[in-house]
Amino acid sequence: MMVELLLLIQRRSSIVFRVTFILSVVLRFMRLAYLIGYGVEIEKSPVNSASLSMLSWPKPATWPSIPPDSSAEVMAKEKTILQAKAREKLFDIQRKPLPLEPSSLLREANRRRAFLSVGNLSELYDSVDGSGLGAHSKLSPNKSSSNLMTRTMSGPATSETSLPVDRPMRLSEIHVAAEHALKQTISDPDFMTSLSSPEEFESRYMELTKGAADNYHRSWWKRHGVVLDGEIAAIFFKHGNYDLAAKSYEKVCALYSAEGWEELLADVLPDLAECQKILKDEAGYLASCVKLLSLESSLFSSKERQAFQSEVVRLAHSEMRHPVPLDVSSLITFAGNPAPPLELCDGDPGTLSVAVWSGFPDDITLESLSLRLSAFSSADEGLKAIRSTDARVLVPGRNIITFDIPPQKPGSYVLGALTGQIGKLSFRSHGFSQDGPVDTDEFMSFEKPTRPVLKVRKPRALVDITPAVSSALLMNELQWIGLIVKPIDYSLKGGILHIDAGAELKIEESQMIEIESYRSDGEHSSPIDASKVLSRPTDTGRVEKVPIENGKIKLPDWASDVTTLVWFPVRAINDTVPKGTSPASPQKHSIVDGMRMIALKLEFGAFHNQIFERTIAVHFTNPFHVSTRVVDKCNDGTLLLQVILHSEVKATLHVKDVSLDLQAGFEHLGKGDGRPTSSLFPLVIAPSSKAGILFVIRLSGTKDLDELEQADSMLHIKYGISGDRATGAHSPVPVKPDDSEELLFKISLKLKRPVLDPCLAVGFLPFSTDCLRVGQLVNMKWRVERLKDLEEASLSDDEILYQVDANPQNWMVAGRKSGHISFSEAQGSRIEIAVTCVPLVSGYVHPPQLGLPDVGDANISCNPAGPHLVCVLPPTLSTSYCIPA
Amino acid sequence: MASTACFVIVSKNDIPIYEAEVGSAPKKEDLAYHHQFILHAALDVVQDLAWTTNAMFLRSVDRFNDLVVSVYVTAGHTRFMLLHDSRSEDGIKSFFQEVHELYIKIFLNPLYLPGSRIASSHFDTKVRALARKYLYIRGIY
C-alpha cells in the first residue's frame, strides 16, 4: 500500500484531492517513523501534532513481538529517547510539549498482545503515576503529563529483552518490534532506504512535504500549503539552514498575520524571530519582536512579553549596523480626545493632548516623542512634527501625552503619525485607534480617521473696537473718548491696548483710564438697532481705573471675556481762533477740520500673538458756531448787531456771560462794557438749537481803512456744558481739583463797515388820476432827495442830469426826455422832476423810468424808482363817429 | 456526544472575529490551537465549496479523523465554522441558523464596526447557550 501511495506522489498531481492524498501519505509516513522510533527527530509542530495525535495508529490484529537478539537496538533507541530534549525556544517560551507520541501507541501495541487485558494495563499505569494511559479519556486535570509519562515509562532501568508475559512492552521495544516487522513486509528498496536511518527518513520526508506544499500552493490551497512550509522550515532550521528556514517561516507568518489568526501566528513567529536573530537580520528581528508584543497579551505569559521588550530595548541601545525605522503601528497606537477637536484661532499656539496606548508589558523609556499632524483635506503632508515636552516614559496602557502646537495654518488637522526614539532606534506608528477596537474591515482600514483633532480657524475678527461716542467732542478741552472693546468669542486675557494719538491730539496720561463693563441695549436685537441704541453703562457694571503708560493700557483680567468700555481723556488741540460768519463773509465749514485720528493696537492672545489694529476717527468741534447779521440800521447810524449762537454739540450749553470786544471802527452804544443790551443770562441752549444776542453798536469815525481790515472783533463766551460722555461733548475732565466748570470760548467776528452809502433817494409820486387811459395825458412825477452831503467828486456839481426812459411803443413822452436840473448840495434838499406822457396801448405796461446817469446805482436808494407795471385802460368810446344803423 | 467543539466566526477577510470552545469536554489549552489549525486549513475547502451551492449550510466540509468541520456561510461571506465530533447534523444546522440571527443582531448594532472582533458578552453567552442546546447530546444535560 505504501509503495502505491509513493508512486502516486511521484506523479505530482496538482489536483487538490490528490494533494490531500499526498498529505495523508506524508502523515502516514511520519506515523511509520514514529513507529520505528524516529519521532524524536521530528519537529513537534502544530501540524504534526494535530495530525498525528489524531491519526490512528496501525492496528494489526496482533502486535509484532520483539525479535530476539535485539537488545542492542533496544538500548540504542532507549538512548535516543532519553537524550531527546525539547529544543529550547528563544525568549524562554515555555510551550507545553505537544502530545506527538501519545500513549495510545503504547496502549494499542500492548492491547494487541493477546495476553494482556486492557483493564490490567490501566490499573498498572494508574498505580505508577496516578494519571496513566487514560489521560485522554479520563479527563485528567493534569493534561500535560501524558507525554512526560510515556517517556518515563519508556525508559526504566530494566534492560532485559526477554519480556515476562505480564509485563507490557516499553516504547523502545515497540519501536524495535515494529521496525523488524516493517522490514520484513516492505518490498520496495527505495522505501526501505528511507526507513533505514533517521537521515534518510528526513530527506524523504522533506521531499514529500515539499511536493505536497508546492502542489497545495499551485491549487490555491494556500493555507494547507503554508502549513507544510512551516514543516519544511522546521527541518531547515534543524539543519542550520537558517536562511531558507527564515524564508519559509516568513511565508507562514505573512499568511497568519494577514488573516489575523493570532494564536497560530504566536506559535510560528518565535521561530522566525530566532532565525532572524541568528542571521543578524536586525530589522526583521526587531519587527518580529514588535509583532510578538503586539499580539494578544493572553497568548504569551508576561515573562515572555517582558523578554520581547528587553530584546527590543537591548537592540535599540546597541550599535546597529543599519539603523532602520521601526514600524510600531500595531504596538503603540494613539488617538485624539473623544471630545470635540481642539479649536484654535489663526496664529494661536495651543496644547493638544493625545492618548497613546503602549502595548509594551513594562514601562518604556523614550528619548523623544513627536507627532505629525496632517491637513485634513489637502495632500500637504510636509508639516512639521510637534515634539512633546512631556515625560518620556510610556506606561503600559493608556498615556496622555500633551503636545505644544506652534501656530498652524488654518484648516482641519488629523493625527498623522507618531514618531519617536527608543535609544538609537527611531520608530514610527501610523496606528490609529478610535477609542475602541482597531477596525479591521478591509475597506475602512485604509481610510484615514476622519475625525479631525485640531481645527485652526480661518482668520477672523477676534475683537472689535469701536468708538463709543457718536457725536462731536469739545475742541481744546479735556474730553473722554470711549472705546467699546468687544471680544468675539475670544479671551483678551493679558491684552495690551496701545493708543497712539495722532497729530493735534494729546492723551492726558496724568489721568487714570476708566474701564467699565458695557452692555448695549441692542445686543440682543438686530445689528442695525445695536448701532443706534447707544451704550449706557449699566448700574451693576464694574468700573476699574487703570493707569496708562506710554499709551499702553493693560486690560484687567475680568475684562477679558466681556465687552468693555475704555474711557481715556484726550485733548484735541486747535490753535487757530475760530471765526464767526456773517452774510457778508460766509465761511465754508469743513468737517475735516475737527477730525482727529487715533491709532489703536491691541495685542492679545496667549503669547500676545494676536494683533488687532484699527484707526478710528473722532470728531471734535467748537461748542458754538457764531454768525452775525445786522438786524437794523437806524437812521442815526446805530446798528443792531445780532449774534447768533448755534449749538454744535449734543449737550446742553449754559451761556453765562458774553462780551464783545469790538474791532476798531465800531463802538458800543450805551454802557460800553461790551455786554449785550438785555441781561438774560444764563442762557440755556438745547442741543442743535440756536440763540440770538443783540448788541447795539455804531460806526466810529475812523477813516483808516487798513486798520479796519486787519483787526477782528472778539466775542468771549463764558459757558458751561452738561452732556453725557457716551453721547458726545461733555464737561471737561478736571485736571486739577479746583478747576471750575466754567469754560471760555473765544471767537473772532469780522465786522465790515458799510462800503456804500446811498446819497440820493428817488421816489415815484402817485398818479394824479385814478386810472390811466389810452390817449389821456398823465403826469409822471419823481422826487429826488439828497440824503447826505455829497463827498464824491463826481457829484460835486450842483446840477444833476436826469433821463426818462420809456418804451416808444407804449408811451409817448410829451416834453423833455432828459435834462439838467439844479439840486442843492445841502443834505435833505429835494426836487421834483415831472414828465407828461400819453399811454399808447392798453394793458399792463412798464411805466417810464427815471434815470440819473451821472449818479451810480449804488448811490441811489429805492432803485428802480416807481412801480414795476401800471395798468392802462382802453380809450373811452367816441359817440361822434357812431352812425345810427 | 459532543465532547469537543470549537466554534469560530471568520469575517469575509478571513479574520477570526469570534472564537469559542463550546465542547462539553474540559478545555485543553494545548488543543485549542490545534482546533484553530484545523479550522484555518478548512478555509481552503470552504473557499472552493461555498460557490458550488446556494445553501448557506455547507454541512461538513472537512474531516480530521474523528473531528468534523461544519461550515455555514452567510450572504456576506462571513463563515461560521464548527469543529466537532458529533454527528447530529440537524442540531448543527439549527445551531448555525440561530447563531446567524444573533450575528445579524450584532451586525445591526450601529456601534459595531463590520469586520471587527465581536466582544459582546451577551453574544458569547447566547452562543454558548445555543451550543448547549443543540450540540450536546441530550442525556448529559
Which helices count as membrane-span-like in chain B under these terms: full DSSP H, at least 15 Å along the axis by C-alpha, Kyte-Doolittle mean of -0.5 or more? B:29-49, B:89-108
Nearest-0.05 FRET efficiency for B:ALA75 and A:ASP190, computed from C-beta distance (R0 56 Å): 0.60
With a ≥ b ≥ c taken as the square roots of the eigenvalues of the C-alpha gyration tensor of the range A:760-873, please select rounded if a/c is under 1.5 and otherwise prolate if a/b is larger than b/c or oblate if it is not? prolate
Any idea of the total accessible area buried by the B-A contact, 1.4 Å probe, rounded to 100 Å²? 3300
Net +/- balance of residues flanking A:SER768 in space, Cβ distance below 15 Å, scoring K and R +1, D and E -1: +1
By the Cα gyration tensor axes a ≥ b ≥ c (a/c under 1.5 gives rounded; else a/b larger than b/c gives prolate, otherwise oblate), the shape of the range B:4-135 is rounded
Log entry: pair-distance distribution for the range A:644-697, C-alpha pairs binned every 5 Å from zero, whole % per bin is 5, 19, 27, 20, 15, 10, 5, 0
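Taking only C-alpha pairs under 8 Å that are 6+ residues apart, what is the relative contact order of the range A:760-873 in percent?
About 37 percent, as a whole number.
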Enter the accessible area per residue of the range A:760-873 (Å², integer; probe 1.4 Å; all protein chains in place). 55
Using a 10 Å cut-off on Cβ atoms, rank the peptides A:182-193, A:465-476 from the highest mean neighbour count down. A:465-476, A:182-193
Around B:VAL46, under 15 Å between beta carbons, what's the net of Lys plus Arg minus Asp minus Glu among the other residues? +1
Residue list for the range A:812-856, given a label point 7 angstrom along the Cα-to-Cβ vector of A:ARG773 and an amide N cut-off under 13 Å: A:839
Contact order normalised by residue count of the range B:4-135, Cα under 8 Å, 6+ apart, percent: 26
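How charged is the neighbourhood of A:ASN550? Take every other residue with its Cβ under 13 Å from the Cβ of A:ASN550, and add Lys/Arg as +1 and Asp/Glu as -1.
Here the count lands on 0.
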Using alpha-carbon positions, the gyration tensor of the range A:209-291 gives root eigenvalues a ≥ b ≥ c; with a/c under 1.5 called rounded, otherwise prolate if a/b exceeds b/c, else oblate, the class is oblate
For chain B, which whole-number percentage of the solvent-accessible area (1.4 Å probe, protein heavy atoms only) is attributable to carbon and sulfur atoms? 53
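The values are calculated or read from the model by the stated rules, or taken from the named source; none is laboratory data. Note that the coordinates shown come from a computational prediction; the quantities given were computed from them, not determined experimentally. Please note: Cβ atoms are built from the backbone with ideal geometry, for glycine as well, and neighbour counts cover all protein chains shown. Just so you know, the surface numbers come from the protein's heavy atoms only, side chains and all, with ligands and any DNA or RNA stripped out. Shrake-Rupley method; radii C 1.70, N 1.55, O 1.52, S 1.80 Å.
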